[in-house]
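See below for the structure under consideration.
The values are calculated or read from the model by the stated rules, or taken from the named source; none is laboratory data. Treat the numbers as computed from the prediction; the structure is a model and nothing was measured. Note: ideal-geometry Cβ built from the backbone for every residue, glycine included; neighbour counts use all protein chains shown. With ligands, DNA and RNA removed, areas are computed over all heavy atoms of the protein, side chains included. Shrake-Rupley method; radii C 1.70, N 1.55, O 1.52, S 1.80 Å.
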Amino acid sequence: MMRLHAIFIVILATNLVAQPRILFKDLTQSAGLLEPLAGLMGHGGAWGDFDNDGLIDLFVGGFCDRPNAEYEPATSPVPTRLFRNLGKGRFELMKDSPTATYARTSGAVFADLDNDGTLDLYVANNAKASAGTKSKSTIEPQSSAKNHHSQLFKNTNGKLKDISIASGAVPDSLLTARNIGVFDYDSDGMLDLLVIEDKFTRKPRTTLFKNLSGLKFKDVTAEAGLPEDLFGLGHAVADLNEDGRPDFFIGHSNRLFMSNGKNRYREAVELRELFQWKPLHGEDWPCGAAFGDLNRDGRLDLVLSIHCETARNKVFINDGLKNGLPQFREVSKEVGFPESVPVKCPHVEIQDFDNDGWPDIYLSTGWQEEGIITPLIFRNTGNNGGLPQFTAPKPIKPPMVYFPCGPSGDFDNDGKLDLFLINWFKGNHSRLLRNESATRHWLQVRVTGKQMNRMGIGSQIRLYQAGQLGKREALLGFQEINIGFGYASGQPAIAHFGLGSVAKIDIEVKLSHGKSITRTHVAADQLINLTE
């Protein structure tokens, strides 16, 4: 009997050890990020390799219009910060960067907008007055921060220059900018900009700026068929109807727009009731959105995150196309999502953080215990009857903390996705979390376009078991390369796949203009660049 009891204990202990966990280590201080960001009331940030050294760099911005006391331990507002990744877990503050401004920064993306091989930077600032209109406050820099409009910075060999006024992408009429979509809506090989305004202004709108080349942009909102009153917070982009053009979902207004393949959009009014939000009160706002193949069936599902202290986050499974329209259905409860989370959940991403081959769902909230942050990542444990199943790392109950944004990115190139959580509250701070989960196989895919945009945005990537290219039953993962999804966060234009124990795979890339790239028997554990 004693021997059987001992065997049972050994088996139980083995099972407990074998249970996969998603683990992070806080490197903020050792990375040189703690002191320069101390006191930042952060609200927007982006990863991007602006100096082309193979390491992703970091931009961080916040709101600079509050009383000085709210920025403790800083004595006054902290301006936007640009950091160069030096490697070996260290970052350097770019002290003389023109990006260092006092504003109400609510989002940012690094994107190659002129196809020259370097990443430009668009910063979404939430201005409270038109250019030339002075704030009633006389306190600086808080007063000028309220008037600071969005900005576009051109990158020339790693040097950033403000070209906002000449670009046409930041007109005086653009005020309460929140999020930036980056995609090629007309398939001309140039990346266009979708700048989303929130509803907290007199005439909110979402503006589509067509890229005319040479970093010049034109407002084509009306001619693209988009409504003049479209407001929102976060967004997600993907080609859902398989016409080679991007479709997009806007959070808060909760409206899905489908491309007709002729440089115009129409709202998917058939899904309006499904996505309609019935708020609990005046501050119950849908916020971030992300597309991803949660159940590995080759279709992109949707997750919606909620900016409310009773966050009723939602999961929608894509059951395929019918009459050119994706058939989404809500399955939040069936996949293991709680009825609500007792803290705001602004940002969301669908990424495989433990590299087991099943995409997880990350929300920019979590638990803080003895200074250690545990992010809320719903781990995907696989399918049950075609539906993915998710488990949280801890019981969903207070006390919990949240971060307005927190883009993922592999800052140390070790094949695991890390997080940068951007802090809003006095008494906490922004955090660089390195992923230290168990080692499994992985693959990262970058696409370099020639006829299409150079960043490969809009490329759809499918991985198959080696020797099984194109066979649906052998599909290991499906993603579309996009950036700026979720809320107030910019990600690298790289598709990250966890592979579990799979060491070789076949790759199929469908480019936005319909052509394909294939590779067979590709070794795992590398970043592979596929050129059109």
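By how many nm would the segment from residue 88 to residue 74 grow when fully extended, if each residue of separation counts as 0.36 nm and the alpha-carbon distance is taken off? All intermediate terms of the calculation are to be shown ahead of the outcome.
Details: separation 14, 0.36 × 14 = 5.04 nm, distance 2.78 nm.
Contour length minus Cα-Cα distance gives 2.3 nm.
Each label point was placed 7 Å from the Cα along the Cα-to-Cβ direction; for residue 277 and residue 439 their separation is 4.3 nm. The largest-to-smallest principal axis extents of the Cα set in region 41-147 are 45, 33, 21 Å. One decimal place: the segment residue 140-residue 520 gains 130.9 nm when fully extended, by the rule 0.36 nm per residue minus the C-alpha distance. Under 27 Å of direct C-alpha separation, and excluding same-chain neighbours fewer than eight residues apart, residue 426 reaches these lysines: 25, 95, 128, 136, 146, 199, 344, 394, 397.
Remark: region 92-204 projects, on average over all directions, an area of 8.2 nm² (convex hull of Cα atoms).
Dipole of the chain computed with +1 at Lys/Arg Cβ and -1 at Asp/Glu Cβ about the Cα centre; of 375, 56, 281, farthest Cα towards the positive end is 281.
Of all the C-alpha pairs in region 479-532, what % are more than 18 Å from each other?
Result: 42 percent of Cα pairs exceed 18 Å.
Of interest is the spacing of the C-alpha centroids, which for region 349-384 and region 413-430 amounts to 14 Å. For region 193-245, with all protein chains in place and a probe radius of 1.4 Å, 48% of the accessible heavy-atom surface sits on carbon or sulfur. Ranked from largest, the principal axis spans of the Cα set of region 391-444 equal 37, 24, 14 Å.
Output the peptides 85-91, 425-431 sorted from most to least packed, where packing is the average of other Cβ atoms within 10 Å over each peptide's residues.
Details: 85-91: 15.7, 425-431: 17.7.
By packing density, highest mean first, the sequence is 425-431, 85-91.
Note: region 272-415, Cα convex hull, 127 Å³ per residue.
Bridgeable lysines around residue 450 (alpha carbons under 27 Å apart, same-chain partners fewer than 8 residues away excluded): 154, 159, 161, 210, 216, 218, 262, 510, 515.
Separation of region 169-204 and region 449-476, taken as the distance between their Cα centroids, equals 29 angstrom.
Evaluate E = 1/(1 + (r/R0)^6) for residue 25 and residue 529, where r is the Cβ-Cβ distance and R0 equals 35 Å; express this FRET efficiency to the nearest 0.05.
Numbers: r = 29 Å, r/R0 = 0.82.
Computed FRET efficiency for residue 25 and residue 529: 0.75.
First measure r as the distance between the Cβ atoms of residue 213 and residue 262, then evaluate 1/(1 + (r/R0)^6) with R0 = 22 Å and state the FRET efficiency to the nearest 0.05. With a Förster radius of 22 Å, E is 0.60. Among 207-218, 349-360, sorting by the average number of other beta carbon atoms lying within 10 angstrom of each residue, highest first, gives 349-360, 207-218.
Can you give the Rg to Rh ratio for the chain, taking only C-alpha atoms and Rh from Kirkwood? A ratio of 0.96.
What does the charge count near residue 260 come to, summing +1 for each Lys or Arg and -1 for each Asp or Glu among other residues with Cβ under 12 Å from its Cβ? Combined, the nearby Lys, Arg, Asp and Glu give 0. The packing ranking, built from the mean of other Cβ atoms within 10 Å per residue, places the peptides 453-465, 51-63, 165-177, 313-325 in the order 453-465, 51-63, 165-177, 313-325, highest first.
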